[in-house]
Structure formats: C-alpha cells, structure tokens
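Have a look at the structure below before the remarks.
The values are calculated or read from the model by the stated rules, or taken from the named source; none is laboratory data. Computed from a predicted model, the values in this text were never measured in an experiment. Here the Cβ is made from the backbone with ideal geometry for all residues, glycine too, and neighbour counts use every protein chain on show.
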C-alpha cells in the first residue's frame, strides 16, 4: 500500500503543482523514457526527497501530467459546446475550437508519445479511458442537439470522427511554419467539420 498522501496545506499543494508543471515541460522536452526524476526535481528546484513525498515514481507523476493536459482539453471542449449550441455563427465556433485545441499542441511530444505508452501502461490507460469517455460524451451531447433522427451508434461514430479528425490534423497544422498555409489548412478543416456536422 502506498504511503503517498494528498497535500492539504497551501504550500505543499503549490510544491506538488510545481513538480507537475516541471514534469510537463521535461517530459515534453526529453520524452518519457529519457526523463529521470532528478530532471524533474532540478527543473522544479525541489529536492528528490520531497518528490517522493508526493509521487511514487516517474510513472505516477506522468499520469498526473496526462490528467492535467486532459483537464485543459476538457475546458476547451466545454467551451465549444457552449458556443456551438448558442452562437449563430457555428463555423466561427468550430474554428475557435480548432484553434484552442491547436494551442495545446505546445505539448505535442507528450501527446504523440502518450498514444504509444497507453498501450503498454495500465496506470495511464484507466484514467485516460474515463476522461476520453467524458470528452466524447460532450461532443455526443452537441450532436444530439444538432442531428435529428440519428441512432446512438451514428452519434457515437460522429463524435469519434470529429475528435480524431481535429486532433490528428492539429498535429499536422502545428508542424507548418508558413502562416498562410497554416491559415488555409485551418479554414479547410473548419469547413470539413462544419459540413460533416450538417450545419448548412
């Protein structure tokens, strides 16, 4: 059984969060397998002993980093839900959603590596699957409001296609340095999702 306890004092909570933020940067710079606990504690300027007060090992803090990134993505999809169902300009809402998700690609290495690690790491898989379902449920809610007379299966597939299409294309967009080309790609991706959602 683990001796790790959740910090309750403000200073302890701040140190734990600083370690998670530092881990996010180091994992993104060096990758999971090339990151050592001393790299994370060095970035955070916190002792290794204190690290073990909050985390069991490197994997434990990696799970926390992934949870943090997914929480940030959940905020983006919730904002999308609020705008797409209320705003008249649906195309603008889709574009804003794509651009907001694109901002998260700052941590592209973690996101790309995570797709590999999830297959071999149960500790990452379980929390991810829960949050993935929460995330897809938000997109399904949007589609239930927009699409009439569609089956649950069609709604589920639609949510998966929207999520996967935007996520994978955002990785491609992030690698484009030419601003005109990047804008053209975002315009076309916006049009594609707009048409797929049958918003005309």
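For residue 75, the requirement of being within 25 Å of residue 200 (Cα to Cα), in the same structural domain as residue 188 (by TED's automatic domain parsing) and at pLDDT 85 or above is not met.
Among the residues of segment 85-95, which ones are out of contact with any helix residue (DSSP H, G or I) (no Cβ under 7 Å at 6 or more places or on another chain) and either assigned by TED's automatic domain parsing to the domain that holds residue 31 or not in a helix (DSSP H, G or I) (or both)? Lay out the reasoning, then the answer.
From segment 85-95, those out of contact with any helix residue (DSSP H, G or I) (no Cβ under 7 Å at 6 or more places or on another chain) are 86, 88-89, 92; that's our starting set.
Correct list: 88, 89.
Considering only segment 3-17, state which residues are within 20 Å of residue 72 (Cβ to Cβ) and either modelled with pLDDT under 90 or exposed (fewer than 15 other Cβ atoms within 10 Å of the Cβ) (or both).
Listed by number, the residues that qualify are 13, 14.
Being assigned by TED's automatic domain parsing to the domain that holds residue 76, surrounded by 12 or more Cβ atoms within 10 Å (Cβ to Cβ) and either at pLDDT below 90 or not in a helix (DSSP H, G or I) (or both) narrows it down to one residue among 150, 145; which is it? Break it down into steps so the answer makes sense when it comes.
Numbers: 145 fails: surrounded by 12 or more Cβ atoms within 10 Å (Cβ to Cβ).
Result: 150 is the single residue among 150, 145 that is assigned by TED's automatic domain parsing to the domain that holds residue 76, surrounded by 12 or more Cβ atoms within 10 Å (Cβ to Cβ) and either at pLDDT below 90 or not in a helix (DSSP H, G or I) (or both).
Note on segment 85-104: among residues that are surrounded by 16 or more Cβ atoms within 10 Å (Cβ to Cβ) and at pLDDT below 90, the one that is farthest from the chain's Cα centre (by Cα) is 102. Of all residues in segment 41-84, those satisfying the criterion of being surrounded by fewer than 16 Cβ atoms within 10 Å (Cβ to Cβ) and not in a helix (DSSP H, G or I) are 45, 47, 56, 57.
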